[in-house]
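Notes to accompany the following structure.
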Amino acid sequence: MRAPDFWSEPGALARVLAPFGAVFDLAGGLRRALATPVACGLPVVCVGNLVAGGAGKTPVARALARRIAANGTPVHFLTRGYGGWAAGPLRVDPARHGALDVGDEALLLAADAPTWLARDRAAGARAIARDTPSEGSGESPGVIVMDDGFQNPSIEKDLALLVIDGRYGLGNEKVMPAGPLREAAVPALARADALILLGEDRKDVARRLGPRLPILEAELAPAPGAPDLAGRKLLAFAGIGRPEKFFATLAGLGAELAETRSFPDHHPYRPAEIEALIERARALRALPVTTEKDRVRLPADLAKHVEVLPVEVAWRDPGALDRLLARLPSHG
């Protein structure tokens, strides 16, 4: 889906839809109140958000996994597999599965660590626990990193993190469909252990929410080996939560954006669409470029004609991240 413009600022339509948001929030609250979270036997880090899409959960989940793995602890990703048909529990195999099977985010995660897809998160966590070394084997069973699932009450979470896009904040701060929030902010913050503020803090998030929770600040930056796009003329396209973030990143690198095209998040690209974009780029004498997340949804025979800008999370204070991760129970 693409976030409607009225989600960004308070307005008449948001006020009209506010009662529906209250019902949605009440239903979610009742679900959490009635649930009994289960312990899967492994430490669980949940990377979630408050708004519908586009906060940067997957890059943060990948960054956390790399940080945990750097200390010698195995990491296992758990994701719902949004955009794919598979229900799971299923271990993702990039050699056999495509975006239509498991979704784009699952394929990105699987490039870094063993990844399990499960719409039933508790069943997925149990599948991971069965697939890990048993206690007493001498090997560390590792840590589960959940990409999304903050609002899912089925699993006990040892560390619950909320990612906030500093350029967007919480939008108009109303619950869907009146605004972008998946649930009311105050009870959500009460369940979180820390906030991860991604990008420039244009909405004053640190001052407004900082007293409630620790805040880790970070930026999305080109990953090592990313193409040098400074001075290049580009036709940029993206089907992510907020395509404008990608376009702003390209402009910040000094690229010339001849044209941009936005698609809905998780958009399944048809060959004709990509062929048309490639032809348009040729007419503009521009280079077609997209995101890593979009790349896995491109038709394989056309993907080679499209440049990709991989990004990674750069932490302002890596030591603060290490101190946060040190809270995880040891299962080594």
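For the reader, a short list of remarks on this structure follows.
- Across the range 49-59, coupling constants 3J(HN,Hα) worked out from phi with the 6.51/-1.76/1.60 Karplus curve, θ = phi - 60°, read 8, 9, 9, 7, x, x, 7, x, 4, 5, x Hz, and Gly and Pro carry x.
- Contour minus Cα-Cα distance for Asp193 and Leu34 (0.36 nm per residue): 55.1 nm
- Chymotrypsin sites (Phe, Trp or Tyr not before Pro) within the range 70-128: DSSP coil, no more than 16 neighbouring Cβ in 10 Å: Trp85
- Alpha-carbon centroids, the range 229-285 and the range 2-31: separation in whole Å: 31
- Taking Cα centre as origin and charging only the Cβ of basic (Lys, Arg, +1) and acidic (Asp, Glu, -1) residues, the dipole magnitude of the range 227-309 rounds to 40 debye.
- Neighbour counting of Cβ atoms within 10 Å sorts the residues Asp5, Asp104, Asp165, fewest neighbours leading, into Asp5, Asp165, Asp104.
- Fraction of antiparallel bridges per DSSP, the chain only, in percent to nearest 5: 15
- Computing Cα Rg over 2.2 N^0.38 Å for the structure here picks out one of (i) 1.14; (ii) 0.94; (iii) 1.00, namely (iii).
- Other residues whose C-beta falls under 11 angstrom from the C-beta of Ala55 contribute a net charge of +3, scoring Lys and Arg +1 and Asp and Glu -1.
- Size of the range 227-309: Rg and Dmax of its alpha carbons, in Å, are 11.5, 30.
- Under-5 Å amide H pairs with Leu216, H placed in peptide plane, nonlocal only: Leu195, Ile196, Leu197
- The H on the amide N of Val75, modeled in the peptide plane, is under 5 Å from the matching H of Val143, each at least 5 residues off or on a different chain.
- Between Ala226 and Ile278, the distance separating the two model label sites (each 7 Å from Cα on the Cα→Cβ line) works out to 2.5 nm.
- Exposure proxy order (Cβ contacts within 10 Å, fewest to most) of Arg261, Arg242, Arg62, Arg96: Arg96, Arg261, Arg242, Arg62
- Taking other Cβ atoms within 10 Å as a rough exposure proxy, Lys174, Lys203 sort from fewest to most as Lys203, Lys174.
- Built amide H within the under 5 Å cut-off of Val311, gap 5+: Ala223, Glu292
- Rounded, prolate or oblate (a/c below 1.5 giving rounded, otherwise prolate when a/b exceeds b/c) for the range 70-198 by Cα gyration tensor: prolate
- Between the listed residues Leu287, Ala118, Thr132, the Cα displaced farthest toward the positive end of the dipole of the chain, a dipole computed from Cβ unit charges relative to the Cα centre, is found at Ala118.
- Per-residue Karplus couplings for the range 194-203, computed as 6.51 cos²θ - 1.76 cosθ + 1.60 with θ equal to phi - 60°, are listed in order as 6, 10, 10, 9, 9, x, 4, 7, 7, 9 Hz, Gly and Pro entered as x.
- Signed unit charges on C-beta, dipole axis of the chain, positive-most listed residue Thr79, Ala63, Pro299: Thr79
- Each residue of the range 251-266 was assigned a 3J(HN,Hα) from its phi angle through the Karplus expression (A = 6.51, B = -1.76, C = 1.60, θ = phi - 60°), giving 4, x, 7, x, 7, 9, 8, 5, 6, 10, 9, 10, 10, x, 4, 6 Hz with x at Gly and Pro.
- If you plug the beta carbon distance of Trp85 and Arg207 into 1/(1 + (r/R0)^6) with R0 = 51 Å, you get a FRET efficiency near 0.70.
- For the chain, calculated [θ]222 nm from helices alone, where every DSSP H run of n ≥ 4 adds -39500 (n - 2.57): -9500 deg cm²/dmol
- Taking the Cα centre of the chain as reference, the dipole from Cβ charges on Lys and Arg (+1) and Asp and Glu (-1) amounts to some 440 debye.
We did not get these values from a lab; they are worked out from the coordinates using the rules stated. Please read these numbers as outputs of a predicted model, since none were measured by experiment. Every residue, glycine as well, gets a Cβ built from its backbone with ideal geometry; the counts of neighbours run over all protein chains shown.
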